[in-house]
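No value in this document is a laboratory result; all are computed from the given coordinates. Worth saying up front: this structure is predicted, and the values here are computed from it rather than measured. Here Cβ is always computed from backbone atoms with ideal geometry, including for glycine, and neighbour counts include all displayed protein chains.
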């Protein structure tokens, strides 16, 4: 587990890919993981090549993000601590991006295959729990 | 929720696909689902086109299986209740196959794309918890 910010609000956890001649197995999230904050919902979001979804900031939900197909660049902003970063998940960097509530997130699809993100979220999705802003509100870097 | 057997040990739950011009969203499993039996681990398994993985019977793990890419045929046997069935998940039939412990499961990849299955499992994976048999032990139908 590698904290990406000094406040330990965003972390990257490398995950195992287990080769199998009939089809590989890919770890995602375990109950025993330090960054697991409870289970509310698991869902997938996809993002087309070159499309950018965001900005969204969850007020309660802790996200565990895993890219199982394609490649996705995540843009992360902690505006209360004056921190930002981008991080790409995909086959060359297979792991979990663990994001605490309070972080602004946007993400961009990087391949013309289906770019598929699993979110194992601590809370079930309810629209009122998240705050959104237009993409133009923060410049991308 | 549609029980596939009379003992309510295997069920199919259709899931929502939410269209979005930047990339669709796909429901998987919620804490509030009747068939959710707790969270132990989420992991992916893939199965190549024409390959068949199985047989495996979990003794404790309740599985919630969702095919997010490609198409997979699942073969299910309840040998204590003399029941079997097969069920195909994929884009034409997007949903969750909820499988209680005690059911023999095998599955076959049906496309030359990556056939990707998410399992939201009630227990973390431990090899001792599952019983395996060679494919030839039960004829496929």
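Each other copy places its own label point for residue B:102 at 4.7 nm from this one, sorted shortest first, where the point lies 7 Å along the Cα-to-beta carbon line. Calculate the FRET efficiency for residue B:86 and residue A:32 from the Cβ-Cβ distance with a Förster distance of 25 Å, rounded to the nearest 0.05. The pair residue B:86/residue A:32 has a calculated efficiency of 0.15. Note on region A:78-141: Cα convex hull, mean projected area over all directions, 5.8 nm². What FRET efficiency would be calculated for the residue pair residue A:51, residue A:18, taking the C-beta separation as r and a Förster radius of 25 Å, to the nearest 0.05? That gives a FRET efficiency of 0.20. Note on A:17-25: average number of Cβ atoms from other chains within 10 Å of each residue's Cβ is 6.
Can you give the relative contact order of chain A as a percent, counting alpha carbon pairs under 8 Å and 6+ residues apart?
Details: 336 pairs, mean separation 48.6, N = 141.
Dividing the mean separation by the residue count of chain A yields 34 percent.
Using the Cβ-Cβ distance between residue B:130 and residue A:112 with R0 = 30 Å, the FRET efficiency computed as 1/(1 + (r/R0)^6) comes to roughly 0.20.
With the gyration tensor restricted to C-alpha atoms of chain B, the semi-axes of the equivalent ellipsoid amount to 23, 18, 15 Å, longest first.
Residues considered: A:101, A:19, A:124. Largest GNM mean-square fluctuation over chain A, using C-alpha springs under 10 Å, is found at A:19. By the Stokes-Einstein formula, at 1.002 mPa s and 20 °C, region A:1-53 with its Kirkwood radius over alpha-carbon pairs has D equal to 150 µm²/s. With 10 Å bins beginning at zero, the pair-distance distribution over Cα atoms of the protein assembly as shown amounts to 6, 29, 36, 19, 8, 2, 0 %.
The distance linking region B:1-49 with region B:89-141 is 13 Å (Cα centroid to Cα centroid, whole angstrom).
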